[in-house]
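Report on the structure given below.
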Amino acid sequence: MRRTSGRLLRGLTLLSVLALGATACGGSDDDSSGQKAVSATDIQAALKKGGTVNVWAWEPTLKTVAADFQKKYPKVKINLVSERSGDKHYTALSNAISAGKGVPDVAQVEYFALSQYSLTKGLSDLAPYGADKLAAKYTPGPWNAVSEGDKVYGLPMDSGPMAMFYNKKVFDKYKIAVPTTWDEYVDAARKLHKADPKVYIANDAGDAGFTTSMLWQAGSRPYKVDGTKVTVNFEDAGAKKYTDTWQKLIDEKLVSPINGWTDDWYKGLGDGTIATLTTGAWMPANFVSGVPNASGDWRAAPMPQWTKGDKASAENGGSSLALPALGKNKELAYAFVEYANSGDGVQTRIKQGAFPATKAELQSTEFQNTKFDYFGGQEANKIFAESAANVASDWSYLPFQQYANSIFNDTVGKAYISGTKLAAGLKSWQDASIKYGNEQGFTVSK
Amino acid sequence: MSSTSSPVTTASQPPSAQSGQSGGSKNTPRLRTRRKHTPGRPKRSVLLTVLTGLIMLYTVVPLVWLVISATKTQEGLANSSGLWFSHDFALWDNISKTFTYHDGIFVRWLLNTLLYVGLGAGGATLLAILGGYALAKFNFPGKRAVFAVVIGAVAVPGTALAVPTFLMFSKMGLTDTPWAVIIPSLVSPFGLYLMWVFATEAIPTELMEAARIDGAGEIRTFFQVAMPLLAPGTVTVLLFTTVATWNNYFLPLIMLKDPNWYPLTLGLDSWNSQAQTIGGDVIFNLVITGSLLTIVPLIAAFLLLQKYWQSGLAAGSVKE
C-alpha cells in the first residue's frame with residue numbers, strides 16, 4: 001500500500017508539474033521586470049490594514065514565530081499548516097498551483113526544489129519587495145540557492161553547512177582516531193567493523209541529498225543551469241574522487257544498509273551501531289528529540305577532507321520561505337517571511353534549535369559560545385559556522401531536482417544492492433535525468 | 001467470497017484447532033457442546049493445528065508489539081527489545097500526551113474519522129441493503145448487466161480509482177472538503193454483492209407474497225418484513241464498510257489538504273513523518289500510542305458484533 005501510494009503520488013506530482021510547466025510556458029511573458037517596487041511604507045500600510053496569510057511550512061519553530069508576529073501585528077492572522085512535509089508538501093503545492101486555487105501565500109521550499117518552481121514562474125520575485133538588499137545578510141550557500149541573477153525567489157530560513165557527527169563513545173571504546181580525511185574515514189570504517197561487526201561507520205542505502213552534497217564538497221559540479229539550457233555530468237574529477245572512495249565502503253560492506261530518517265536509523269544512532277553521520281548543521285535538534293538516549297555520546301567534527309589540511313565544505317538540506325505567484329496578500333506574506341527569516345524571528349528560531357542562514361547570527365559570540373549539553377558541552381556552533389563560511393557557492397541544482405531525486409534509488413540505488421558500480425549508477429542517473437529534462441522542454445546535454 | 005470467509009473458517013474451526021481457543025469467545029454457542037468425530041466434526045489434524053498456530057502468531061505478534069511499545073517513552077523504544085517491556089511504563093502518560101499534543105488535534109482527527117465512518121460506512125450499508133434487496137427480489141431488465149458491473153467493480157481496487165476521482169472532484173470543487181471522503185465511501189460493490197446473495201437466501205419469496213396479500217405496500221414489506229431478516233447481513237456489511245472507511249488512507253491523502261479534516265490514518269502519518277524533517281519533533285511513542293487508540297474501537301466493534309458477522313456470512317454462503 002505504502003509503495004503503491006508512493007508511486008501514485010509520484011505520478012500525481014509529475015502530472016501536476018507537467019501541467020504547471022505547460023501553463024507557465026503558455027503564460028504571458030511579462031515577468032517581474034514589469035513588477036512595481038513595493039516600498040516599506042506599502043508593507044507597513046498593509047500590516048496596519050491586516051488580513052490573513054496562509055502559510056504551508058513544516059518547520060516546527062515557525063509556530064512561535066507566527067504567534068509572535070500576530071502579537072506584533074494584531075490585525076494579521078497567520079494560518080500555519082504544518083502537517084505535510086517533503087514530497088507530500090510539494091505534491092499538494094504543485095496540485096494547488098496547477099489547479100489555480102487553494103495556493104498558499106507563503107510556502108516552505110527546500111533549496112534543491114526552488115528552481116523547479118521559480119523556473120516555471122510558480123514563485124513571485126521578492127526583489128521588488130526589497131529582498132535583493134538582504135543579500136549580504138546571508139551566507140553564500142543559501143543565498144546562491146534562493147537568488148537567480150537579480151531575482152530573489154525566497155528568503156533563506158535555515159542552512160545545513162555540513163559537519164561530521166561521531167559517536168565518541170564508540171571511537172573511544174575501540175581506540176580509533178576520529179578521521180579528518182576520507183581516506184582515514186575508510187580506514188576507521190574497516191577498523192570499527194572489524195572490532196565489532198555490528199558497528200558501521202555510517203548508514204547509507206542511497207540518498208540523493210547526501211550524494212549530491214558529497215559531490216559538492218569533492219568539487220564536482222554535475223549540474224549547470226543557464227535558463228533552460230542544462231547540463232548533467234557526473235564524470236568530472238570531483239565525482240571520480242567520491243565514487244572511488246565510496247565504492248570501497250560499499251564493496252567491503254562497511255556502511256549499514258539503513259535508510260535515513262527511519263526508526264531503525266534513530267535506533268542505530270542511539271545504540272552505537274552507526275558511528276558517524278555526515279550531514280547538515282541542523283542535525284543537533286533532531287539528535288535531541290530523536291535520540292535522547294545517546295545524549296553525551298556524540299560530538300561534532302569538521303567534515304573529512306579529500307586533501308589533508310583542506311577546509312572544503314558543502315550544504316546539505318535547508319529551506320527557504322517563498323511566495324507562490326498565485327498566493328494572495330503579497331505584502332503581508334512578504335512581511336511575515338522577512339520577519340521570520342531576517343528579522344526578530346531568526347533569534348526565536350535559533351533558541352528553539354534551528355540553524356540560521358544569517359551571517360550576523362552565525363558570527364555572534366553568543367551563538368558561537370553556545371554549549372551543547374547533548375554533545376557533552378561542546379561548542380559545536382564554532383565548527384558549523386566555519387563550515388558555513390567554507391561552502392563553495394557555485395553549486396546549482398537541477399530545475400527538476402525533485403524528480404531527479406525521486407529516481408535516484410532506481411539508478412544510483414542499484415549500486416547499494418547489486419553489483420552495479422557507483423560510477424555506473426551515477427551514469428544511469430545522468431542519462432535518466434537528461435532524458436526527463438528534454439521531455440520537459442529543457443535543452444539538456446551531457 | 002472465499003477470501004472473506006476465511007476468518008470465519010478459522011473462528012468456527014472445530015475445537016480441535018487449539019489456537020481457536022485463544023479467542024474463546026469466538027465460538028458460537030452451538031459449538032460449545034463437544035461432539036466426537038463425525039463427518040461434520042473431523043478429527044484433529046496436526047498440520048492444521050500447526051498452520052492455525054502460525055497464522056495466529058502472524059496476526060497476534062504485531063498487536064502484542066503494538067501494545068507493549070505503547071507503554072514506552074521515545075527513549076525506551078530505542079533502548080529495549082520490541083517484544084518486551086522497558087523499565088519505564090509510560091502508557092498513561094503517552095495516552096494523555098497523544099490527546100493533548102498540538103492542542104489536541106488527535107481528538108479532532110478522531111471525530112473526523114467518526115464522521116466519515118458514520119456517514120460513509122452507514123450510507124454505504126444503507127445503499128447496499130436497498131440495492132441488494134432489489135436485485136435479489138425483483139426482476140427487471142438489465143439485471144445481468146448490473147450483475148456484471150458489480151462483479152467487475154469488486155475487482156477494481158479503490159486505490160486505482162483515487163486519482164480519477166480526485167480529478168473529477170477537483171472539477172466539481174469538492175476536494176479539500178469532507179464530502180470528498182464521504183461520497184466515494186458510499187459506494188461498496190462488495191457490500192452490495194454480499195447483501196444481494198444474502199437477501200436471496202434470507203428472505204423467502206413466499207413471505208413477501210404473504211405480506212403483499214395481507215395488504216402491505218412494498219415500502220412496508222421492506223422495512224417490516226425484509227429488514228429484520230436482513231439484520232445479520234446488515235451487520236456484516238456494516239463491519240466491512242466500517243473497517244474500510246476507518247482504515248482509509250489513500251483517498252483522504254489525495255483529497256484533503258486541510259489537516260483539520262484529516263482522519264486518524266492521515267494524522268498519524270503526518271506525526272510519523274515529523275521524524276523525517278529537519279528539526280522535527282520525533283514522536284514515535286505518540287504515533288504508536290495513537291495507532292493503538294485508533295484500532296481499539298475497531299476491535300471493540302468486532303468483539304461486540306462478531307455473533308452477527310459470523311452467522312451473517314455463513315447464512316449467505318450456504319445453499320439449502
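Only one of A:E184, A:E148 is crowded, with 16+ Cβ neighbours inside 10 Å and in the same structural domain as A:N341 (by TED's automatic domain parsing). Can you tell me which? Full working, then the answer.
Details: A:E184 fails: in the same structural domain as A:N341 (by TED's automatic domain parsing).
None of the other options fit; the residue is A:E148.
Could you run through the stretch A:263-288 and say how many residues are at the interface with chain B (Cβ under 8 Å from one of its Cβ atoms) and polar (S, T, N, Q)?
Matching residues across the stretch A:263-288 total 1.
State yes or no: is A:A205 more than 18 Å from the chain's Cα centre (by Cα) and under 24 Å from A:G86 (Cα atoms)?
Numbers: more than 18 Å from the chain's Cα centre (by Cα): yes; under 24 Å from A:G86 (Cα atoms): yes.
When the stated conditions are applied, A:A205 passes them.
Go over the candidates A:A322, A:A275 one by one and state the one that is buried (at least 22 other Cβ atoms within 10 Å of the Cβ) and more than 24 Å from A:W182 (Cβ to Cβ). First the steps, then the outcome.
Numbers: A:A275 fails: more than 24 Å from A:W182 (Cβ to Cβ).
Every option except A:A322 fails the conditions.
Could you please give the count of residues in the stretch B:64-78 that are free of Cβ contacts under 8 Å to residues at least 24 places away in the same chain and away from chain A (no Cβ under 14 Å)?
3
With the structure loaded, tell me whether B:G290 is modelled with pLDDT of 90 or more and facing chain A (nearest Cβ under 8 Å) or whether it fails that test. Break it down into steps so the answer makes sense when it comes.
Details: modelled with pLDDT of 90 or more: yes; facing chain A (nearest Cβ under 8 Å): no.
When the stated conditions are applied, B:G290 does not pass them.
Being aromatic (F, W, Y) and closer than 26 Å to A:L62 by Cβ is the requirement here; does A:W282 meet it?
Working: aromatic (F, W, Y): yes; closer than 26 Å to A:L62 by Cβ: yes.
So A:W282 passes the test.
At least 3 residues that are farther than 19 Å from A:Q430 by Cα and in contact (Cβ under 8 Å) with a residue 24 or more places away in the chain in each: list the helices (runs of 4 or more DSSP H) lying fully within the stretch A:142-255 that qualify.
Working: elements: A:168-173, A:182-195, A:208-217, A:237-251.
In the stretch A:142-255, the matching helices (runs of 4 or more DSSP H) lie at A:168-173, A:182-195, A:237-251.
May I ask you to verify whether A:A333 is of a type in the set (G, A, S), farther than 30 Å from A:T443 by Cβ, surrounded by 24 or more Cβ atoms within 10 Å (Cβ to Cβ) and modelled with pLDDT of 95 or more? Before you say what the answer is, go through the steps one by one.
On the way: of a type in the set (G, A, S): yes; farther than 30 Å from A:T443 by Cβ: yes; surrounded by 24 or more Cβ atoms within 10 Å (Cβ to Cβ): yes; modelled with pLDDT of 95 or more: yes.
It is true that A:A333 is of a type in the set (G, A, S), farther than 30 Å from A:T443 by Cβ, surrounded by 24 or more Cβ atoms within 10 Å (Cβ to Cβ) and modelled with pLDDT of 95 or more.
If a residue has to be surrounded by 22 or more Cβ atoms within 10 Å (Cβ to Cβ), of a type in the set (A, V, I, L, M, F, W, C) and assigned to a helix (DSSP H, G or I) to count, how many in the stretch A:409-442 make the cut?
4
Please verify whether the stretch A:364-371 includes one or more residues that are in contact with a strand residue (DSSP E or B) (Cβ under 8 Å, 6 or more places away or on another chain), modelled with pLDDT under 95 and crowded, with 17+ Cβ neighbours inside 10 Å.
For the stretch A:364-371, residues in contact with a strand residue (DSSP E or B) (Cβ under 8 Å, 6 or more places away or on another chain), modelled with pLDDT under 95 and crowded, with 17+ Cβ neighbours inside 10 Å: absent.
Considering only residues that are under 15 Å from B:W65 (Cβ atoms) and within 12 Å of chain A (Cβ to nearest Cβ), which ones fall in the stretch B:79-98?
Of everything in the stretch B:79-98, those that are under 15 Å from B:W65 (Cβ atoms) and within 12 Å of chain A (Cβ to nearest Cβ) turn out to be B:S80, B:S81, B:G82, B:S86.
Consider A:W298 carefully, then state whether it is more than 10 Å from chain B (Cβ to nearest Cβ) and surrounded by fewer than 19 Cβ atoms within 10 Å (Cβ to Cβ). Please lay out each step first, then the result.
Details: more than 10 Å from chain B (Cβ to nearest Cβ): yes; surrounded by fewer than 19 Cβ atoms within 10 Å (Cβ to Cβ): no.
Criteria not met by A:W298.
Residues of the stretch A:81-109 being within 16 Å of the chain's Cα centre (by Cα), buried (at least 22 other Cβ atoms within 10 Å of the Cβ) and touching a residue at least 60 places away in the same chain (Cβ under 8 Å), which ones?
Hits for the stretch A:81-109 are A:Y90, A:A107, A:Q108, A:V109.
Taking the options B:L77, B:L126, name whichever one is modelled with pLDDT under 85, assigned to a helix (DSSP H, G or I) and either in the same structural domain as B:I219 (by TED's automatic domain parsing) or more than 30 Å from B:Y193 (Cα to Cα) (or both).
Working: B:L126 fails: modelled with pLDDT under 85.
The unique qualifying residue is B:L77.
Check the stretch A:369-385 and report whether any residue there is in contact (Cβ under 8 Å) with a residue 24 or more places away in the chain, in a helix (DSSP H, G or I), hydrophobic (A, V, I, L, M, F, W, C) and over 19 Å from A:P302 (Cα atoms).
No, there is no match, as no residue in the stretch A:369-385 is in contact (Cβ under 8 Å) with a residue 24 or more places away in the chain, in a helix (DSSP H, G or I), hydrophobic (A, V, I, L, M, F, W, C) and over 19 Å from A:P302 (Cα atoms).
Can you name the condition, by its number, that B:T236 falls short on among (1) away from chain A (no Cβ under 11 Å); (2) at pLDDT 90 or above; (3) buried (at least 20 other Cβ atoms within 10 Å of the Cβ)?
(2)
Do we find a residue being free of Cβ contacts under 8 Å to residues at least 12 places away in the same chain, within 10 Å of chain B (Cβ to nearest Cβ) and surrounded by fewer than 24 Cβ atoms within 10 Å (Cβ to Cβ) anywhere in the stretch A:115-137?
Residues of the stretch A:115-137 that are free of Cβ contacts under 8 Å to residues at least 12 places away in the same chain, as a first pass: A:133.
Add one more test, that the residue is within 10 Å of chain B (Cβ to nearest Cβ), and what stays is none.
For the stretch A:115-137, residues free of Cβ contacts under 8 Å to residues at least 12 places away in the same chain, within 10 Å of chain B (Cβ to nearest Cβ) and surrounded by fewer than 24 Cβ atoms within 10 Å (Cβ to Cβ): absent.
So which residues in the stretch A:140-176 are of a type in the set (G, A, S) and at pLDDT 95 or above? Lay out the reasoning, then the answer.
Going through the stretch A:140-176, the residues of a type in the set (G, A, S) turn out to be A:141, A:145, A:147, A:149, A:154, A:159-160, A:163.
Listed by number, the residues that qualify are A:G154, A:A163.
Restricting to the stretch B:258-269, give me the number of residues that are surrounded by fewer than 21 Cβ atoms within 10 Å (Cβ to Cβ) and within 8 Å of chain A (Cβ to nearest Cβ).
Total satisfying the criteria: 2.
Residue by residue through the stretch A:187-220, note down the ones that are among the polar types (S, T, N, Q) and either farther than 21 Å from A:S295 by Cβ or surrounded by fewer than 17 Cβ atoms within 10 Å (Cβ to Cβ) (or both). Let's see the steps before the verdict.
Restricting attention to the stretch A:187-220, the residues satisfying the condition of being among the polar types (S, T, N, Q) are A:203, A:211-213, A:217, A:220.
Of everything in the stretch A:187-220, those that are among the polar types (S, T, N, Q) and either farther than 21 Å from A:S295 by Cβ or surrounded by fewer than 17 Cβ atoms within 10 Å (Cβ to Cβ) (or both) turn out to be A:T211, A:T212, A:S213, A:Q217, A:S220.
Among (1) within 12 Å of chain B (Cβ to nearest Cβ); (2) modelled with pLDDT of 95 or more, which single condition is A:A322 missing?
(1)
Scan the stretch B:112-141 residue by residue and report those that are over 19 Å from B:P184 (Cα atoms) and either touching an Asp or Glu at 6+ places or on another chain (Cβ under 9 Å) or surrounded by fewer than 15 Cβ atoms within 10 Å (Cβ to Cβ) (or both). I'd like the intermediate steps shown before the answer.
Filtering the stretch B:112-141 down to residues over 19 Å from B:P184 (Cα atoms) leaves B:133-141.
Those that are over 19 Å from B:P184 (Cα atoms) and either touching an Asp or Glu at 6+ places or on another chain (Cβ under 9 Å) or surrounded by fewer than 15 Cβ atoms within 10 Å (Cβ to Cβ) (or both): B:A136, B:F138, B:N139, B:F140, B:P141.
May I ask you to verify whether A:L93 is at pLDDT 95 or above and at negative phi?
It is false that A:L93 is at pLDDT 95 or above and at negative phi.
Of (1) more than 30 Å from A:N293 (Cβ to Cβ); (2) among the charged types (D, E, K, R); (3) at pLDDT 90 or above, A:K446 satisfies all except one. Which?
(3)
Could we say that B:A244 is farther than 30 Å from A:S319 by Cα, surrounded by fewer than 21 Cβ atoms within 10 Å (Cβ to Cβ) and touching a residue at least 12 places away in the same chain (Cβ under 8 Å) here?
Details: farther than 30 Å from A:S319 by Cα: yes; surrounded by fewer than 21 Cβ atoms within 10 Å (Cβ to Cβ): yes; touching a residue at least 12 places away in the same chain (Cβ under 8 Å): yes.
Yes, satisfied.
Tell me, which residue of the stretch B:159-189 that is surrounded by fewer than 18 Cβ atoms within 10 Å (Cβ to Cβ) and among the hydroxyl-bearing types (S, T, Y) is farthest from the other protein chains (Cβ to nearest Cβ)?
Among those that are surrounded by fewer than 18 Cβ atoms within 10 Å (Cβ to Cβ) and among the hydroxyl-bearing types (S, T, Y), it is B:T177.
Which condition does A:P60 not pass, out of (1) modelled with pLDDT under 95; (2) within 30 Å of A:F355 (Cβ to Cβ); (3) not in a loop (DSSP other than H, G, I, E, B), if it passes all the others?
Among (1) modelled with pLDDT under 95; (2) within 30 Å of A:F355 (Cβ to Cβ); (3) not in a loop (DSSP other than H, G, I, E, B), the lone unmet condition for A:P60 is (3).
The values are calculated or read from the model by the stated rules, or taken from the named source; none is laboratory data. Here the structure is a predicted model, which is why all the values come from computation and not from measurement. For neighbour counting, all protein chains shown are included, and Cβ atoms are generated from backbone atoms with ideal geometry for every residue, glycine included.
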